[in-house]
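The values are calculated or read from the model by the stated rules, or taken from the named source; none is laboratory data. The shown structure was predicted, so the numbers you read here are calculated from the model rather than taken from an experiment. All Cβ positions, even for glycine, are placed from backbone atoms using ideal geometry, and neighbour counts span all protein chains on display. Accessible surface areas use protein heavy atoms only, side chains included; no ligands, DNA or RNA. Shrake-Rupley method; radii C 1.70, N 1.55, O 1.52, S 1.80 Å.
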Amino acid sequence: MLIRGKHAVTGQVVDIRVNDANGAIADVAPLDPARAPDFGSGDLFVAPGLFDIHINGFAGVDFQNPALVAADLAHATREQLRHGTTQYLVTIVSEAHDRMAACFRAVSRAREEQPELAHAIPGFHLEGPYISAEDGPRGGHYRDVLRPPSWEEFQRFQDAAGGRIKLVTVAPELPGMTRFIEQAVASGVVIGLGHSGANAQQIADAVAAGATVATHLGNGSHAVLPRHANYIQVQLAEDRLMAAFIADGHHLPPYVVKNFIRAKGVARSILVTDAVPPAGMPPGIYRYGRVEVEAKPDGLICLPGTPYLFGAATTLERCVANAVAWAGISLTDAIRMATENPARLLGLAPRVLEKGSSADLILFALEDSRIRVTDTVVRGQHFSSTP
Ligand SMILES: [Zn+2]
């Protein structure tokens, strides 16, 4: 397979030859006008597939479902391919233990049944239940299931997940959290800070214990904070923390996206969707967890009849385009924040278009500050974004 596109990092038009036998990139070379590509053209950009480390559901499929089957997960995965996301961490949020464990098992079973799911889902993001029960910081997590950290319980989650929980979001101020973070990090798990009202010392202690990322910074927080001494400022200033941002214009207004990205710098910024099942679906009322939510035409998801956000309906390629438009950064840098940076956070293989790397890539046009993905290739298999 030969793919042609303008390399989103170098800006040069390249021909990418894919080894159809193993799905790896065989060669990246300057455009050869004598050859016709199978997909792409010099007018389209080519970039590594996007990687979303925070997603709860998509295209009507709720990942937090003990009865989830491989076909549902495959549908949500294929629909994300149309938007350029080739890999993602299934995010499981706070619930009673047995229900959460059943959700981990359901996804793990689906991964075993379908190799394409095993590739698309390198692991899980456990968000909660060891987070703040205070209104504001707890966001949409159910208060009655929030609890202090338990290493013993976490190990049972890890067993249910086949050892694939890669990222855990916790609130540093909970009793016993420093020890929990140390144990988790020693076991190879990445710790994110979020849904927390921690003070500067508690954040410093968590970072010293090994926390390395701020989860959806600026969300899962109080509506009103002291202007200087607050956990958003502290986490922005902490250079040992990367930070993930929901750059959808609802969770963070454009000027906050700009400020946050400038404060963290490109190398420490990660773009995520935090998408919920109505994402990728038409506007309407949807069941999500214990509640009904309303997906509005502008991409806002609320509790019906209220202004309260209840998850995101955005897609990652939109967040990339928003970061370019709002933060004044290059397309290259924005792509990096949805490919290379999340992979580096998790210690996964770098996402690059190079000989020998897996042919996970996207072709797209940049039109009116929006990214329109036209084609996605996963391990050498082609998917068109046109239905
Ligand atoms: Zn959250």
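Structural remarks
- Hits in the stretch 54-77 - residues which are within 16 Å of the ligand (Cβ to nearest atom) and either over 18 Å from the mean Cα position of the chain (by Cα) or in a loop (DSSP other than H, G, I, E, B) (or both): Asn56, Phe63, Gln64
- Any chance Gly380 is assigned by TED's automatic domain parsing to the domain that holds His251 and touching an Asp or Glu at 6+ places or on another chain (Cβ under 8 Å): no
- Selection within the stretch 198-211 - assigned to a loop (DSSP other than H, G, I, E, B) and surrounded by fewer than 21 Cβ atoms within 10 Å (Cβ to Cβ): Asn199, Gly210
- The residues on offer are Pro137, Pro148, and the sole one that is open to solvent by 10 Å² or more (accessible area, probe 1.4 Å) and part of a loop (DSSP other than H, G, I, E, B) is Pro148.
- Matching entry among Ile131, Ile191, Ile165 (being within 21 Å of the chain's Cα centre (by Cα), under 23 Å from Ala76 (Cα atoms) and either away from the ligand (no atom under 16 Å from the Cβ) or surrounded by 16 or more Cβ atoms within 10 Å (Cβ to Cβ) (or both)): Ile165
- Some residue of the stretch 366-373 being out of contact with any Ser or Thr (no Cβ under 9 Å at 6 or more places or on another chain), polar (S, T, N, Q), open to solvent by less than 50 Å² (accessible area, probe 1.4 Å) and part of a loop (DSSP other than H, G, I, E, B): no
- Condition broken by Arg99, with the remaining ones in (1) over 21 Å from the mean Cα position of the chain (by Cα); (2) not assigned by TED's automatic domain parsing to the domain that holds Lys166 satisfied: (2)
- When residues of the stretch 175-223 are limited to those that are in contact with a Ser or Thr (Cβ under 7 Å, 6 or more places away or on another chain) and not small (Gly, Ala, Ser), the one farthest from Val93 (Cα to Cα): Asp205
- In the set (1) part of a loop (DSSP other than H, G, I, E, B); (2) open to solvent by less than 70 Å² (accessible area, probe 1.4 Å), Pro350 fails one condition alone, (2).
- Total residues in the stretch 361-387, condition over 14 Å from Ala8 (Cα atoms) and touching a Gly at 6+ places or on another chain (Cβ under 9 Å): 9
- Val377 being within 18 Å of the chain's Cα centre (by Cα) and either hydroxyl-bearing (Ser, Thr, Tyr) or crowded, with 16+ Cβ neighbours inside 10 Å (or both): no
- When the stretch 26-47 is filtered for residues that are part of a strand (DSSP E or B), open to solvent by 10 Å² or more (accessible area, probe 1.4 Å) and either touching a residue at least 40 places away in the same chain (Cβ under 8 Å) or in contact with a Gly (Cβ under 6 Å, 6 or more places away or on another chain) (or both), the ones remaining, listed by number, are Ala26, Asp27, Val28, Phe39, Gly40, Asp43, Leu44, Phe45.
- Within the stretch 274-286, the set of residues being in contact (Cβ under 8 Å) with a residue 12 or more places away in the chain and farther than 20 Å from Arg143 by Cβ comprises Ala275, Pro277, Pro278, Ala279, Gly280, Met281, Pro282, Pro283, Ile285, Tyr286.
- Single residue of Gly249, Gly218 found to be touching a residue at least 24 places away in the same chain (Cβ under 8 Å), within 29 Å of Gly328 (Cα to Cα), small (Gly, Ala, Ser) and within 16 Å of the ligand (Cβ to nearest atom): Gly218
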